[in-house]
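Single-structure report; data block below.
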Amino acid sequence: ARIQKERLLLAEAKGLHPASESDRTTLALLVDQLDTDLADEVCAFSTWSIGSYADNPVTAWSSLPDSHKVETTKDGANLLARYRQIPGAIDTTIANLRRGAAAGRFANAESIRRVVSMVDNLLATKAADWDLASPARAAHPSFTAAELSAFKRDIEAVIEGEIRAAYGRYRALLT
């Protein structure tokens, strides 16, 4: 279903004729990305690719706080909502890797070993020290003391509960 939607979007995008140079550039980038994604689909990377620099949930999610700045309590609530989506994304990765394994597709042993080590290191770290917890360690001058306390508590709770458990499931699959 996703591939079909991407094909339809690509066909629609190729039929557009934007007036401005900026819009033409943006459209060209979109068309190129869709073409690349569809060409890569034949390799089924999502069902077997595991890498220590990319293609694993540890690296995929650890930089999220860098791209989601928290300046207001609404920003904090939005970040927490995004964090609550991480376990589902990890579970999707697990399901994809299981599909790949069922089809005889596996990552190489060294990549798996390195990613297991990354997951082990993450799981051995207390939630307050995870990269994902960095927004809870930062100053938030616009927050009241109660809001800041609640934000820190909620960040650590979602990491310690839902996210840590998802990483545990991911590790169990890899070993």
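The values are calculated or read from the model by the stated rules, or taken from the named source; none is laboratory data. No experiment lies behind these values; they were computed from the predicted model shown. Cβ atoms come from the backbone with ideal geometry, glycine included; neighbour counts cover every protein chain shown. We work out accessible area using only protein heavy atoms, side chains counted, and drop any ligands, DNA or RNA first. Shrake-Rupley method; radii C 1.70, N 1.55, O 1.52, S 1.80 Å.
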Exercise. Could you name the aspartates and glutamates in cross-link range of Lys5, using Cα to Cα under 19 Å and dropping any fewer than eight places away on the same chain?
Worked result: Asp32, Asp35, Asp37, Asp40, Glu41
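Taking the Cβ of Glu147 as the centre, find all other residues whose Cβ is under 14 Å away and add up their charges (Lys, Arg: +1; Asp, Glu: -1). Could you put the intermediate results ahead of the total?
On the way: positive: Lys74, Lys152, Arg153; negative: Glu71, Asp75, Asp154.
Overall, the nearby charge balance is 0.
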For this session: At most 15 other Cβ atoms within 10 Å and a DSSP loop assignment: could you name the chymotrypsin sites (Phe, Trp or Tyr not before Pro) in segment 1-103 that fit?
Result: Tyr53
Problem set entry | Loop-located trypsin sites (Lys or Arg not before Pro) in segment 108-164, at most 15 other Cβ atoms within 10 Å (DSSP) | Lys126
Seminar exercise, completed: Contact order relative to length for the chain, counting C-alpha pairs under 8 Å separated by 6 or more residues, stands in percent at 28 percent
For this session: Lys and Arg at +1, Asp and Glu at -1: add these up for the other residues within a Cβ distance under 13 Å of Asn108 and post the number.
Result: +1
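Return the loop-located GluC sites (Glu not before Pro) in segment 67-175 (DSSP other than H, G, I, E, B) with at most 13 other Cβ atoms within 10 Å of their own Cβ; answer none if there are none. Before the final figure, lay out the partial values.
On the way: sites: Glu71, Glu110, Glu147, Glu156, Glu160, Glu162; in loops: Glu71.
Answer by residue number: Glu71.
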Problem set entry | Whole-number accessible area per residue in Å² for segment 51-153, which is evaluated in the context of all protein chains at 1.4 Å | 56 Å²
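Given charges of +1 on the Cβ of Lys and Arg and -1 on the Cβ of Asp and Glu, with all other atoms neutral, how large is the dipole of the chain about its Cα centre, in debye to the nearest 20? Can you show the working numbers first?
Values: 21 positive and 23 negative charges, 120 e Å.
The dipole of the chain has a size of about 580 debye.
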For this session: Give the residue from Leu10, His68, Ser134 lying farthest towards the positive end of the charge dipole for the chain; charges sit on Cβ (+1 for Lys and Arg, -1 for Asp and Glu) and the dipole is referred to the Cα centre.
Result: Ser134
For this session: Could you run the Debye sum over the Cα atoms of the chain, one equal point scatterer each and no solvent, and tell me log10 of I(q)/I(0) at q = 0.14, 0.15 Å⁻¹, two decimals?
Result: -0.90, -0.97
Problem set entry | In Hz, Karplus ³J(HN,Hα) per residue of segment 90-99 (6.51, -1.76, 1.60; θ = phi - 60°; x = Gly, Pro) | 5, 5, 5, 4, 4, 4, 5, 5, 5, 4
Seminar exercise, completed: For Lys74, the aspartates and glutamates lying under 16 Å Cα to Cα, once residues fewer than eight places off in the same chain are dropped, come out as Glu147, Asp154
